[in-house]
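Structure, as structure tokens:
The values are calculated or read from the model by the stated rules, or taken from the named source; none is laboratory data. Remember, predicted model here, so these are calculated numbers, not experimental data. Here the Cβ is made from the backbone with ideal geometry for all residues, glycine too, and neighbour counts use every protein chain on show. Remember, those area values only see protein heavy atoms, side chains included, never the ligands or the DNA or RNA. Shrake-Rupley method; radii C 1.70, N 1.55, O 1.52, S 1.80 Å.
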Amino acid sequence: MLLFLKEGKFYKAADTFALASIWAPGDARPLAGQAFALFAAGEYMSSAFYLSQAIVLNAEVASQKVNLPGLIGDRDVYENRLMEMTTWQERSSSGELAFLMAFVYHHDGKAGKAGDLILTAADQIPNDKAIQILRAVIFPDAAVK
């Protein structure tokens, strides 16, 4: 599955992770893998959906370190996806895209951007459990509301 990502076969990787999630429905890893593959393919809303499902299934997905550029195998593809996703989020004001971007930026060490985006996501979709979990990871010292 990871080999497909590194080879740039993002949809094949996503399909493989989807199949794995059928065989292991209680395991968040295939859902997270599917989210990462769809991010690499430029399918941001689908990526956000599967990432959300993975985090709700296992909150540790939000805090476990992920090297997305390493998984994708190409920093340029990764950077292009970030620029494209930023454009879509700015045009649509999508809370889902802000959530996904917050996750990506958090794991890329860009705490300021991650913090701004998770607050945007929380404003757009205030009762979303995955957003609340990721917000607690990004702001660990913040008081819980």
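Some values worked out for this structure:
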item: Contacts under 6 angstrom Cβ, first residue in the stretch 6-34 being more than 17 Å from I72 (Cβ to Cβ), partner of a type in the set (G, A, S) and open to solvent by less than 30 Å² (accessible area, probe 1.4 Å), 6 or more apart; result: A28/A54; P30/A20; P30/S21; L31/S21; L31/A54
item: Count of residues meeting criterion [without any contact (Cβ under 8 Å) to a residue 60 or more places away in the chain and over 14 Å from the mean Cα position of the chain (by Cα)] in the stretch 67-88; result: 9
item: Close pairs from the stretch 99-118: first touching a residue at least 24 places away in the same chain (Cβ under 8 Å) and under 17 Å from Q64 (Cβ atoms), partner open to solvent by 10 Å² or more (accessible area, probe 1.4 Å) and of a type in the set (K, R), Cβ under 7 Å, at least 6 apart; result: H107/K65
item: Residue list for the stretch 1-28, restricted to those being within 19 Å of S63 (Cα to Cα) and either of a type in the set (F, W, Y) or surrounded by 17 or more Cβ atoms within 10 Å (Cβ to Cβ) (or both); result: A28
item: Residues located in the stretch 29-43, provided they are within 21 Å of I131 (Cβ to Cβ) and either small (G, A, S) or buried (at least 23 other Cβ atoms within 10 Å of the Cβ) (or both); result: L31, A32, G33, Q34, A35, F36, L38, F39
item: Hits in the stretch 99-143 - residues which are open to solvent by 60 Å² or more (accessible area, probe 1.4 Å), more than 12 Å from S52 (Cβ to Cβ) and touching a helix residue (DSSP H, G or I) at 6+ places or on another chain (Cβ under 7 Å); result: K113, Q124, R135, F139
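Conditions (1) at pLDDT below 95; (2) open to solvent by less than 30 Å² (accessible area, probe 1.4 Å); (3) small (G, A, S), marked per residue:
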| residue | (1), (2), (3) |
| --- | --- |
| S52 | no, yes, yes |
| I55 | no, yes, no |
| A59 | no, no, yes |
| N67 | yes, no, no |
| L71 | yes, no, no |
| D76 | yes, no, no |
| E84 | no, no, no |
| L97 | no, yes, no |
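Residue-by-condition table, conditions (1) closer than 19 Å to T87 by Cα; (2) out of contact with any Lys or Arg (no Cβ under 7 Å at 6 or more places or on another chain); (3) not aliphatic (A, V, I, L, M):
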| residue | (1), (2), (3) |
| --- | --- |
| W23 | no, yes, yes |
| A40 | yes, no, no |
| M45 | yes, yes, no |
| A48 | yes, yes, no |
| L51 | no, yes, no |
